[in-house]
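These notes concern the structure reproduced below.
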Amino acid sequence: MNRKHERIAGELGAQAAERRTNGGATRDSGASRRRGPALEDAILDAAWDVLIEHGYHGFTYEAVAARAGTSRPVLYRRWPQRDDLLLATLTKFWQPIAVPDTGSLRDDAIGFLRNANADRAPTITLMSVQLVDYFRDTGTSFGELRDTLLPPGRATAFETIVARAVERGELPDVPRSSRVVNLPFDLLRHDMLTTMRAVPDESIGEIVDEVWLPLLGVPGASL
């Protein structure tokens, strides 16, 4: 990792450590003496630490068990495959981003991108590096991983935003491809991965006003 990735990894690791401390569950307390949800939380916290420090290549049952203070059989019983443990870990730490409901399609879109920019920039830039082996081995992409982490049947943020706009009469009720609907977040993620930093607010405005709204055919949008 370069210095920027090391800094991001350190920030995420510190946040995870703070969550464990605030919850009263530290490594010194001994994960192996806990049972049920408490043990599972300790394991997933440890798994997250291993992932951000060592990447997918170093994300092994041995490393996670040692970090959690438990044994490999405990992990195997819960997650028979390493990727099962990986997805459980990412699911815990990949929390939903708040979707604004302002009554305006444009304001909802910009508000969500700002929330995503603040919440996801460190995680996305780090995961793009730490999960490169996972994407290569599985032949998947970051977008596919994001879809996997969504609860079954749950709409994406921009599917929700567009559906609300249709209900308000801001948009006609016509078929739209998933690519078009979710384009703003895809472009935001692309900028994050390209620059390895949060996206300027000016760029968020351009994504919505100069690309997405004209693509949706919103009257008065920039062309």
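The values are calculated or read from the model by the stated rules, or taken from the named source; none is laboratory data. Computed from a predicted model, the values in this text were never measured in an experiment. Counting neighbours? That spans all protein chains shown, and the Cβs are built from the backbone with ideal geometry, glycine included. The area values use the complete protein model at the heavy-atom level, side chains included, leaving out ligands, DNA and RNA. Shrake-Rupley method; radii C 1.70, N 1.55, O 1.52, S 1.80 Å.
Spatially, segment 181-223 and segment 47-124 are offset by 25 Å when compared through their Cα centroids. Peptides 171-178, 55-62 ordered by packing proxy, namely the average of other Cβ atoms within 10 Å per residue, highest first: 55-62, 171-178. Expressed as a whole percent, the accessible area of segment 142-199 that falls on carbon and sulfur atoms is 55 (1.4 Å probe). Taking Cα centre as origin and charging only the Cβ of basic (Lys, Arg, +1) and acidic (Asp, Glu, -1) residues, the dipole magnitude of segment 114-223 rounds to 220 debye. Along segment 51-66 the Karplus relation, 6.51 cos²θ - 1.76 cosθ + 1.60 evaluated at θ = phi - 60°, assigns HN-Hα couplings of 4, 6, 8, 10, x, 5, 4, x, 7, 10, 4, 4, 5, 5, 4, 5 Hz to successive residues, with x for each Gly and Pro.
With each label modelled as a point 7 angstrom along the Cα→C-beta vector, the E167-V211 pair spans 2.8 nm.
Normalising the Debye intensity of segment 58-177 to I(0), with uniform scatterers on Cα atoms only, and taking log10 at q = 0.16, 0.20, 0.21 Å⁻¹ returns -0.90, -1.17, -1.24.
Regarding segment 169-223, what is the average projected area of its C-alpha convex hull, in nm²? Its average projected convex-hull area is 4.3 nm². Note on exposure: M196, M127 ranked by accessible area (1.4 Å probe, complete protein assembly) read M196, M127, with the most exposed listed first.
Taking all protein chains as they are arranged and a probe of 1.4 Å, the heavy atoms of R82 leave approximately 70 Å² accessible to solvent.
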